[in-house]
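Read through the structure below, which is laid out as structure tokens, and then see the notes.
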Amino acid sequence: MSAQATPDPMPVAPSDALDGIAHAAPAHDFLRRALRHRSFAAGLGICLIITLILVAAPLLAHLNPDAQDPLATFAPPSAAHLMGTDEFGRDMFARVVVGGRTTVLACLGVVVLGGVVGSTIGLIAGFFGGALGFAIMRMVDLLLAFPGILLALAVSAILGPGLVNGVIAIAAILVPVYARLVEGAAVEVRHLPYVDAATTLGASSRWIILRHVLPNVSPGIIVLTTTWLGIAALWIAALGFIGLGVQPPTPEWGAILSDGQNYITIAWWITVFPGMFLALFVVGVNLIGDGLRDELDPTLSRR
Amino acid sequence: MSAAPAEPLLRVEDLHTHFRARGGVVKAVNGISFDLAPGASLGIVGESGSGKSVTSLSIMGLIEPPGQIVAGRVMFRGRDIAGLDERQIRAIRGRHICLVFQDPMTALNPVYTVGTQVIEALRAHQALSAQAALERTVSLLRMVGIPSPERRVHEYPHRMSGGMRQRVMLAMALANEPELLILDEPTTALDVTIQAQILDLVRDLRQRVNTAVLLITHDIGVVQELCEQVVVMYGGRIMETGSVTQVTDEPKHPYTRALLASMPSRVRRGQRLNTIGGAVPNPLHMPPGCPFRPRCPQAHDACATDPGPRDPGDGRMVACWLYEARR
């Protein structure tokens with residue numbers, strides 16, 4: 001192509017040109033900086049330990065959360081039952097671990113579903129603006145005006161109880177939250193000179209949104225996601241607690257807490273262990289969120 | 001203008017671009033017409049608010065509500081592109097007509113390498129393999145005078161100076177060898193020494209890739225450097241058109257005279273620099289007739305009505321009652 005005959009001093013690797021796209025800032029640099037942030041490191045540690053327990057425990061020992069032992073009901077924590085047993089003599093360790101998988105996966109599902117739908121709506125409204133954007137954002141305002149738990153209850157009352165429906169119900173709370181945040185950021189980015197420049201070069205709207213607007217908006221999305229991951233865990237548990245989430249006998253932290261509250265005076269371990277795990281998980285996720293916010297959006301942390 | 005061949009590359013016909021605003025309609029572009037032949041160069045000169053940038057955005061199909069092209073045609077290669085839908089105009093933007101913005105510091109996305117961004121411009125209109133796109137990008141960067149392009153292609157915009165970035169912008173604009181290059185104040189944001197370099201580069205590139213140039217500027221000196229023809233705009237209208245030498249040596253319209261008299265380079269040392277008295281009229285309340293009337297030293301009663309294009313006798317066009325009507 002080029003007419004020059006001199007050998008290139010630097011060999012040009014063709015794949016580099018496109019690889020460079022993803023590596024706006026080298027990922028390991030970012031991780032090193034983030035790890036120096038104490039609350040991020042602490043949060044990451046907590047979440048890794050919980051994840052390790054939830055993933056590894058069933059691999060190391062056979063855990064059956066449904067196996068009943070009528071001879072060992074309400075057994076306190078011991079070597080045989082690390083976290084004791086419940087009113088049916090089910091092993092609480094097995095229930096907390098297996099139930100934790102359900103809770104954590106469900107709240108991940110919530111933020112992914114709510115985040116993707118909400119961000120898409122926000123990007124469309126913010127980028128195109130006009131009557132369409134106005135209409136979308138007024139609907140978002142309407143949803144935001146509902147108290148979140150009321151919205152979730154209404155949705156799960158319509159869809160019926162169950163884990164998947166519970167995830168959808170809580171994702172419905174997140175959709176307007178994401179849409180509002182992303183719309184605001186997208187409006188800001190919409191008329192940056194380089195976005196206009198891409199338009200004049202003949203790029204399509206979809207391309208511009210994905211290549212130029214989304215990366216600009218993504219720090220906000222990431223921070224919002226970590227914040228809401230913790231809240232979603234609490235809400236999944238809350239739905240389980242009031243019986244609209246996971247149905248018995250499937251274990252889930254919120255549902256276990258709900259069962260255990262009847263026996264809290266005689267068997268504290270039924271509520272304390274799942275409650276502790278839930279609290280630790282929420283704290284860990286929030287600490288990660290704090291760290292990420294400080295690193296990704298320095299303007300927010302200086303208050 | 002009469003010298004233009006039968007088929008101009010770009011013909012703007014009686015273009016009206018208006019903006020709905022609180023309290024009325026701003027007639028940013030109010031009935032302008034000009035031709036641009038293939039490979040030719042035309043400068044549009046005017047103050048802020050004269051409608052020159054809106055003209056370029058109208059040609060590119062980038063007018064967004066509350067703005068609207070309310071009348072007129074933009075004929076590009078014999079086809080009216082003012083009424084095209086988004087998909088059709090997109091095939092023209094960046095491929096046949098390119099626009100280079102004023103400020104190179106913000107017109108590149110800081111999170112992608114310059115190479116990535118030039119490749120994007122290429123791939124928006126051509127199916128190229130990654131290897132071919134990269135090679136083409138390196139040769140484009142070399143063409144716009146970026147040293148060691150094999151290395152700079154992998155650098156981020158923040159590592160480049162304003163002049164370098166404007167060169168990258170030119171490389172992106174020329175990536176698909178457009179027939180028309182619109183430069184909107186290409187040197188305003190640059191240092192004086194860099195301005196001269198970029199103007200030299202544009203002149204050189206014009207000959208190499210044979211693209212027509214439409215230059216939008218407030219600086220008639222830049223037009224003298226780069227263009228053969230000039231259009232002088234004021235208040236959304238054309239005041240005067242002609243060849244650059246005609247217009248600068250022998251301005252006919254009182255506005256053009258006043259504009260030239262306020263150029264520092266034309267004033268002898270020690271002499272007071274002229275300014276044009278008054279201010280650009282409120283765009284919501286343009287005076288009827290000639291928009292320059294309130295500031296014009298030679299205004300008279302006839303100026304309250306639109307003079308229309310007039311021929312001062314040497315083939316150019318002047319919109320002023322001081323000259324005979326064109327036959």
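What follows is calculated from the coordinates using simple rules that are stated; it is not laboratory data. Fair warning: this is a prediction, and the values are worked out from it, not measured in the lab. Because the Cβ atoms are built from the backbone with ideal geometry, glycine has one as well, and the counts that use them run over all protein chains shown.
Here are the numbers for the structure shown:
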read-out	value
Longest to shortest principal axis, alpha-carbon extents of the range B:89-184, angstrom	33, 31, 23
Rotationally averaged projected area of chain B (alpha carbon convex hull; nm²)	18.2
Taking the convex hull of Cα positions in the protein assembly as shown, its mean projected area over all directions (nm²)	37.9
Where labels lie 7 Å past Cα in the beta-carbon direction, separation of residue B:263 and residue B:197 in nm	2.5
Inter-label distance, nm, simple model (7 Å from Cα along the C-beta direction), residue B:7/residue A:41	7.1
Percentage, to the nearest whole number, of Cα pairs in the range B:108-253 over 19 Å apart	56
Percent breakdown of C-alpha pair distances by 10 Å bin, ordered from the shortest bin, for the range A:171-255	16, 32, 22, 16, 10, 4
The range A:229-257 and the range A:68-139: distance between their alpha carbon centers, rounded to Å	7
Selection from A:216, A:122, A:292 lying farthest towards where the dipole of the range A:101-298 points positive, charges on Cβ	A:122
Within the protein assembly as shown: Cβ-based charge dipole about Cα centre, in debye rounded to nearest 20 (Lys, Arg +1; Asp, Glu -1)	1260
Alpha-carbon Rg with Dmax, taken over chain A, Å	24.0, 88
Antiparallel %, DSSP beta bridges [both residues in chain B], to 5	60
Cα pair count fraction exceeding 19 Å, expressed as % - the range B:201-296	50
Span per principal axis, largest first, for the Cα atoms of the range A:93-205 (Å)	60, 28, 18
Dipole magnitude (debye, nearest 20) for the range B:10-235, charges at Cβ of Lys, Arg, Asp, Glu	500
Stokes-Einstein diffusion coefficient of the range B:7-58, Kirkwood radius over Cα pairs, 20 °C, 1.002 mPa s, in µm²/s	176
Helix B:130-143 vs. chain B, principal-axis angle (Cα, 0 to 90°, nearest 10)	50
Surrounding net charge for residue B:101, when Lys and Arg each add one and Asp and Glu each subtract one, Cβ distance under 12 Å	-3
Neighbour net charge for residue A:233 - beta-carbon separation under 15 angstrom, K R +1, D E -1	0
Of B:264, B:305, B:289, farthest towards positive along the dipole that unit charges on Lys, Arg, Asp, Glu beta carbons give chain B	B:264
Dipole in debye (nearest 20) - the range A:101-298, about Cα centre, beta carbon charges: Lys, Arg +1; Asp, Glu -1	360
Long-range HN-HN contacts of residue B:233 with modeled amide H, under 5 Å	B:45, B:46, B:239
DSSP-defined beta bridges in the protein assembly as shown - what % are antiparallel, rounded to 5	60
Exercise: per-residue mean of other protein chain Cβ atoms within 10 Å, B:111-117	6
Top positive-direction residue, dipole computed over the range B:1-122 with Cβ charges, set B:41, B:99, B:18	B:18
